Number of protein chains: 2
Amino acid sequence: MKIEDFSAPAAEQAAARRAAVYQTLFSRRDVRGPFRPEPVPDAVVSRLLTAAHFAPSVGFMQPWNFVLVRDPAVKRQVHAAFLRANAEAVWQFEAERRDLYQRLKLEGILEAPLNLCVTCDRDRAGPVVLGRTHNRAMDLYSTVCAVQYLWLAARAEGIGVGWVSIFHPAALRDILGLPRRIVPVAYLCLGYVRHFRDRPDLEAAGWQERLPLESLVFLDRWGEPGAAATAELRDHLRRDQQEAAAHAALLAQADWMVAPVAAARRPDDAESADCDSERRY
Amino acid sequence: MKIEDFSAPAAEQAAARRAAVYQTLFSRRDVRGPFRPEPVPDAVVSRLLTAAHFAPSVGFMQPWNFVLVRDPAVKRQVHAAFLRANAEAVWQFEAERRDLYQRLKLEGILEAPLNLCVTCDRDRAGPVVLGRTHNRAMDLYSTVCAVQYLWLAARAEGIGVGWVSIFHPAALRDILGLPRRIVPVAYLCLGYVRHFRDRPDLEAAGWQERLPLESLVFLDRWGEPGAAATAELRDHLRRDQQEAAAHAALLAQADWMVAPVAAARRPDDAESADCDSERRY
């Protein structure tokens, strides 16, 4: 493989940046609490929303809106809607799963200082949207990209995010006054946390194991699990999964992974010359 | 706001990590080329797939599969399917948009050394899935999260990714041999690039402008644009958007943002003590 030369400092910066990104990806959690009561400052909320706004979108449609929910009365209505839907959900599971289901904490609506509904405006760019002509769901997918952008920015800020999906969409629509064309894609609970867990709650609770990635990868055509990927790639996949899980466990213990970054922004903060123009980010 | 004390090194690490994450979020592009011809090594493909596999999923369902496409014959079939769909798409736009539409490059299927179809198996965890009971689309959304994870890991690796959505889903299904229950969520083109553009192609081409974020944010209830967010938050949002765009422009010029990180992994690479156990990530 021919790769152009590049200077060592560039390589070091690139490696450090890459490590930071993977650390953030692997240590992000779907957080249901416990949330710390401190509010998320406007300066931080703004960075999170800006991150979301720079997500990719089909036809550069930017179909999203962001309904911040801070009013305890609104949160209580949303929480009640969750309780109603969840009471229905319980009975859809078989008896032996039902007990475990009922013990799981699936939301942090009331405890989280900030709730956020991320919506998709299906009419944002008129009826014909570049890239949505043959897949009507692309605008919804774009909105999910914005959610994932915000989620990762939040992780980098030391803020936990949980996605609550157990609602009748019509209930959220009523409570938040969403017009017909607006789809509530994600209802998120946000706040500072004391720690991020080392693995997903549902894995730790024994609800579902992480699947072996090498069984999910095919080459050129759908086929029997694992049959299509090359032996070398399968070896890499097995090792990388172990290392990713080990990292997540290690990072869950690291103080600097939960330090609320907002508080670190003091005039005497050491910042490299390269970051001089990057004061806010 | 009460925030616990923490040591300066932790604050510095957190700030550096946060900056790296925002830089990656803001400088990610939807890349249609030009791609460099060098193949993406298996070691890098494995890291990208591992990143995707650590994305959040509803009920920890992990509904994704990854069909890597390297065979030129398969790529040609996919490209032909794009051309057919795109010829239909053109006529959906009004005359004055049609010329511009036809000048836009919307895919890099043949040029990209690696194509990847990310799919959603709607039956992965049986008929009842925790968190999907009241929103049937949650497994599709989870698959989009995996796409976004991979996209950001790729950006950190110096690899461009483009999402091609102008296909009849049935065409992709036929070419790749996907079973009925499998939804092709994203068809991606991947490869090293000489540079990442400073802003989205569709913005640069005058197809669509970036919307003012402050008009998309509401507080507690859907309302008139901008009326509901506080004045302080609106000020932050305006400034953060300008800075994010300025960063993206700056970063597009930075060598270390396009250095292929894979090539930097030599035994003599300087790595901090903290990263000792983080050799691969």
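Each copy carries B:PRO39; placing its label point 7 Å along the C-beta direction from Cα gives inter-copy distances of 5.7 nm, listed from smallest up.
Remark: mean inter-chain Cβ contacts per residue of A:236-248 equal 5, using a 10 Å Cβ-Cβ cutoff to other protein chain atoms. With contacts taken as Cα pairs under 8 Å and at least 6 residues apart, the stretch A:96-209 reaches a relative contact order of 40 percent. Here the calculated FRET efficiency for B:ASP123 and B:ASP71, from their Cβ-Cβ distance with R0 = 30 Å, stands at 0.65, rounded to the nearest 0.05.
Label-point spacing for B:ARG239 across the identical copies (point 7 Å from Cα in the Cβ direction), in nm and ascending order: 4.7. The separation of the stretch B:34-93 from the stretch B:161-182, counted between C-alpha centres, amounts to 10 Å. Buried surface between chains A and B: roughly 13400 Å² of accessible area, summed over both sides, computed with a 1.4 Å probe on protein heavy atoms only. Note on B:VAL193: accessible area is roughly 0 Å² with a 1.4 Å probe, heavy atoms of protein only. Taking Cα centre as origin and charging only the Cβ of basic (Lys, Arg, +1) and acidic (Asp, Glu, -1) residues, the dipole magnitude of chain A rounds to 960 debye.
With every protein chain in place and a 1.4 angstrom probe, the accessible-area ranking of A:ASP71, A:ASP99, largest first, reads A:ASP99, A:ASP71. Put a dot 7 Å past the Cα of A:GLN253, heading toward its Cβ, do the same for A:LEU83, and the two dots end up 4.0 nm apart.
Taking the accessible area of the protein assembly as shown, probe 1.4 Å, and keeping the other protein chains in place, the carbon and sulfur fraction comes to 51%. Highest GNM mean-square fluctuation among B:ARG181, B:ARG194, B:ARG238, for chain B modelled with Cα contacts below 10 Å: B:ARG238.
The residues of the stretch A:183-222 present an accessible area of 39 Å² per residue when probed at 1.4 Å with all protein chains retained. Accessible area of B:GLU96 (1.4 Å probe, protein heavy atoms only, ligands and nucleic acids ignored): about 140 Å². Would you please state which residues of the stretch A:85-113 a label at A:ASP174 would reach in this model, taking the label point 7 Å out along Cα→Cβ and a backbone N cut-off of under 12 Å? In the stretch A:85-113, the label zone of A:ASP174 (backbone N under 12 Å from the point 7 Å along Cα→Cβ) covers A:85.
With θ taken as phi - 60° and the Karplus curve 6.51 cos²θ - 1.76 cosθ + 1.60 applied, the whole-hertz 3J(HN,Hα) list for the stretch B:116-122 is 8, 9, 9, 10, 10, 8, 6 Hz, x standing for glycine and proline. Starting from the label point of A:ARG221 at 7 Å along Cα→Cβ, the same points in the other copies fall at 5.9 nm, in ascending order.
Under the criterion of Cα pairs below 8 Å and six or more residues apart, the relative contact order for chain A equals 26 percent. Accessible surface for B:LYS105 stands near 90 Å², nearest 10, in the context of the full protein assembly shown (1.4 Å probe). Here r is the Cβ-Cβ distance between A:LEU100 and B:THR230 and R0 is 51 Å; the resulting FRET efficiency, rounded to 0.05, is 0.75. Between A:LEU110 and B:ARG136, the modelled label-to-label distance comes to 3.3 nm, taking each label 7 Å out from Cα in the direction of the beta carbon. Contact residues in the stretch B:147-177 (at least 50 Å² less accessible area with all protein chains than alone, 1.4 Å probe): B:GLN148, B:TYR149, B:ALA156, B:SER165. Close amide H pairs (under 5 Å, H built 1.01 Å from N) link B:ASP220 with A:LEU68, A:VAL69, A:ARG70, residues at least 5 positions away or on another chain. Here the extension length gained between A:HIS195 and A:ARG221 equals 5.2 nm, from 0.36 nm per residue of separation less the Cα-Cα distance.
The values are calculated or read from the model by the stated rules, or taken from the named source; none is laboratory data. The structure presented is a predicted model; accordingly, all values stated were derived computationally and were not measured. Positions of Cβ are backbone-derived with ideal geometry, glycine not excepted, and every protein chain shown enters the neighbour counts. Surface areas here come from the heavy atoms of the whole protein model, side chains and all, with no ligands, DNA or RNA. Shrake-Rupley method; radii C 1.70, N 1.55, O 1.52, S 1.80 Å.
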